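Participant: Following this message is one structure expressed as structure tokens.
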Amino acid sequence: MEFEGIVTGKVPYKERDLIVRAILRNGLSGSFYVYGGQGGGKKQKPTLLELGHMIKFRVKASHRKIEGAELMITESHQAVWSPQKIRFNVHAYYLMCLYFELLNKASIVFHPDDHELSTEHEGIFNVLSNSLFYIDQALAVENFKPAKHLWFFMVKLLFHLGIMPEGQNCAYCGTSLNDVSRLSFIPNEGHFACSNCFQGENHLGLWQRWLLAYQTSFKQIDEFFDVDFQDTDKLIQYFCHHYHLKPVELSSYRLLFK
Ligand SMILES: [Zn+2]
């Protein structure tokens with residue numbers, strides 16, 4: 001059996017083996033046991049299993065359980081795609097790590113015995129693969145804007161996780177938000193409010209950029225307005241609210257601003 005996935009985490013195991021976590025094409029998070037996966041050895045074989053690389057794993061029918069996780073045992077693996085520039089740019093690298101951190105919190109774990117192939121979560125894989133591809137491409141032409149890339153990633157991820165907030169009506173009085181000139185997004189409560197119900201910053205522009213990014217493909221990211229980290233932070237706060245986390249718990253998020 002074969003699985004393609006993007007490596008989102010890896011842990012050395014024993015002397016030379018590796019446990020690899022990947023977001024699979026079905027959008028779920030799978031774990032693989034790779035004998036000799038740490039590379040090295042007499043021939044100093046380099047490992048393909050780096051963060052952000054898209055790998056095709058061929059797995060055995062049997063699997064093993066380590067510390068509660070069901071791991072698929074790989075027979076062989078090969079690289080399908082790998083970013084060329086990301087690891088040389090510190091902000092791009094931390095941004096990629098942040099994506100993995102968020103996905104590791106939000107994605108559903110794939111169980112090797114579960115042969116029912118659902119396509120329900122495929123969008124999550126596409127968001128990740130597109131995000132990495134377009135960061136790499138932006139770096140190649142020296143047009144990498146971290147906040148804008150994070151904005152696109154978050155907008156599309158929230159949609160594919162099925163947790164876009166309800167933005168039609170004020171959460172308190174029900175007024176249609178199409179009819180107001182001021183509204184506030186309250187990420188820690190996960191909803192929008194009109195200015196009669198909530199006195200705060202006006203987020204009408206933010207909500208419009210949100211909907212527009214949702215409709216815009218990654219391919220058109222260059223033509224999209226600039227976005228700043230203040231905006232993206234609202235989406236991170238909202239994600240954290242939803243998954244019962246605090247933004248400070250996301251270690252790569254803090255590093256992004258250093
Ligand atoms: Zn209201």
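Participant: Please enumerate the residues belonging to the range 88-116 that are surrounded by fewer than 19 Cβ atoms within 10 Å (Cβ to Cβ), at pLDDT below 95 and over 18 Å from ILE236 (Cβ atoms).
Facilitator: ILE108, VAL109, HIS111, ASP113, ASP114, HIS115, GLU116
Participant: As an exercise: evaluate PRO247 against (1) surrounded by fewer than 18 Cβ atoms within 10 Å (Cβ to Cβ); (2) within 16 Å of the ligand (Cβ to nearest atom) and give the number of the one condition it does not meet.
Facilitator: Result: PRO247 fails condition (2) only.
Participant: Which one is surrounded by the fewest Cβ atoms within 10 Å (Cβ to Cβ) among residues in the range 1-19 that are of a type in the set (D, E, K, R) and assigned to a strand (DSSP E or B)? Outline the logic, then answer.
Facilitator: Keep residues of the range 1-19 that are of a type in the set (D, E, K, R), which gives 2, 4, 10, 14-17.
Next, only the ones that are assigned to a strand (DSSP E or B) stay: 2, 4, 10, 17.
Details: GLU2: 10, GLU4: 18, LYS10: 19, ASP17: 14.
Once the filter is applied, the top-ranked residue is GLU2.
Participant: Look at LYS43 and say whether it is at pLDDT below 95 and surrounded by fewer than 18 Cβ atoms within 10 Å (Cβ to Cβ).
Facilitator: Spelling it out, LYS43 is indeed at pLDDT below 95 and surrounded by fewer than 18 Cβ atoms within 10 Å (Cβ to Cβ).
Participant: While we're here: Kindly provide the set of residues from the range 70-90 that are polar (S, T, N, Q) and free of Cβ contacts under 8 Å to residues at least 40 places away in the same chain, ordered by number. Explain how you work it out, then say what you get.
Facilitator: Pass one, the range 70-90, residues polar (S, T, N, Q): 74, 76, 78, 82, 84, 89.
Across the range 70-90, the qualifying residues are SER76, GLN78, SER82.
Participant: Restricting to the range 64-109, give me the number of residues that are in a helix (DSSP H, G or I) and of a type in the set (S, T, N, Q). Give the steps one after another, and end with the answer.
Facilitator: Of the range 64-109, the ones in a helix (DSSP H, G or I) are 86-88, 90-106.
Cutting the leftovers down to of a type in the set (S, T, N, Q) gives us 104.
Qualifying residue count for the region: 1.
Participant: Would you confirm, using the coordinates I've provided, whether SER176 is surrounded by 20 or more Cβ atoms within 10 Å (Cβ to Cβ) and modelled with pLDDT of 95 or more?
Facilitator: Details: surrounded by 20 or more Cβ atoms within 10 Å (Cβ to Cβ): no; modelled with pLDDT of 95 or more: yes.
Spelling it out, it is not the case that SER176 is surrounded by 20 or more Cβ atoms within 10 Å (Cβ to Cβ) and modelled with pLDDT of 95 or more.
Participant: Under 6 Å by Cβ, and 6 or more places apart or on different chains, what pairs join a residue from the range 8-23 that is charged (D, E, K, R) with one that is in a strand (DSSP E or B)?
Facilitator: What qualifies is LYS10/LEU18; LYS10/VAL20; ARG21/THR8; ARG21/GLY9; ARG21/SER31.
So that you can scan it fast, the table gives a plain yes or no per residue for (1) under 27 Å from LEU157 (Cα atoms); (2) hydroxyl-bearing (Ser, Thr, Tyr); (3) surrounded by fewer than 13 Cβ atoms within 10 Å (Cβ to Cβ):
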{"site": "ILE23", "(1), (2), (3)": "yes, no, no"}
{"site": "SER29", "(1), (2), (3)": "yes, yes, no"}
{"site": "GLY39", "(1), (2), (3)": "no, no, no"}
{"site": "THR47", "(1), (2), (3)": "no, yes, no"}
{"site": "GLY52", "(1), (2), (3)": "yes, no, no"}
{"site": "PHE57", "(1), (2), (3)": "yes, no, no"}
{"site": "ALA61", "(1), (2), (3)": "no, no, yes"}
{"site": "GLU70", "(1), (2), (3)": "yes, no, no"}
{"site": "HIS77", "(1), (2), (3)": "no, no, no"}
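Participant: Among the residues of the range 226-235, is any modelled with pLDDT of 95 or more, buried (at least 19 other Cβ atoms within 10 Å of the Cβ) and more than 16 Å from MET154 (Cα to Cα)?
Facilitator: Scanning the range 226-235 turns up no residue that is modelled with pLDDT of 95 or more, buried (at least 19 other Cβ atoms within 10 Å of the Cβ) and more than 16 Å from MET154 (Cα to Cα).
Participant: Across the range 199-224, which residue is surrounded by the most Cβ atoms within 10 Å (Cβ to Cβ) among those that are hydrophobic (A, V, I, L, M, F, W, C) and touching a residue at least 60 places away in the same chain (Cβ under 8 Å)?
Facilitator: First, pick out the residues of the range 199-224 that are hydrophobic (A, V, I, L, M, F, W, C): 204, 206-207, 210-213, 218, 221, 224.
Subsequent filtering for residues that are touching a residue at least 60 places away in the same chain (Cβ under 8 Å) retains 213, 218, 221, 224.
Numbers: ALA213: 25, PHE218: 20, ILE221: 21, PHE224: 16.
It comes out as ALA213.
Participant: Let me ask something additional. What's the total number of residues in the range 174-210 that are polar (S, T, N, Q), more than 13 Å from the ligand (Cβ to nearest atom) and touching a strand residue (DSSP E or B) at 6+ places or on another chain (Cβ under 8 Å)?
Facilitator: Selection size over the range 174-210: 1.
Participant: From ALA171, ALA140, ALA147, ALA213, grab the single residue that is within 16 Å of the ligand (Cβ to nearest atom) and of a type in the set (A, V, I, L, M). Full working, then the answer.
Facilitator: Values: ALA140 fails: within 16 Å of the ligand (Cβ to nearest atom); ALA147 fails: within 16 Å of the ligand (Cβ to nearest atom); ALA213 fails: within 16 Å of the ligand (Cβ to nearest atom).
None of the other options fit; the residue is ALA171.
Participant: Another question, if that's okay. Residues in the range 138-159 that are touching a helix residue (DSSP H, G or I) at 6+ places or on another chain (Cβ under 6 Å) and crowded, with 20+ Cβ neighbours inside 10 Å: how many?
Facilitator: 11
The values are calculated or read from the model by the stated rules, or taken from the named source; none is laboratory data. On a predicted model such as this, the values are computed, not experimentally measured, just so you know. All Cβ positions, even for glycine, are placed from backbone atoms using ideal geometry, and neighbour counts span all protein chains on display.
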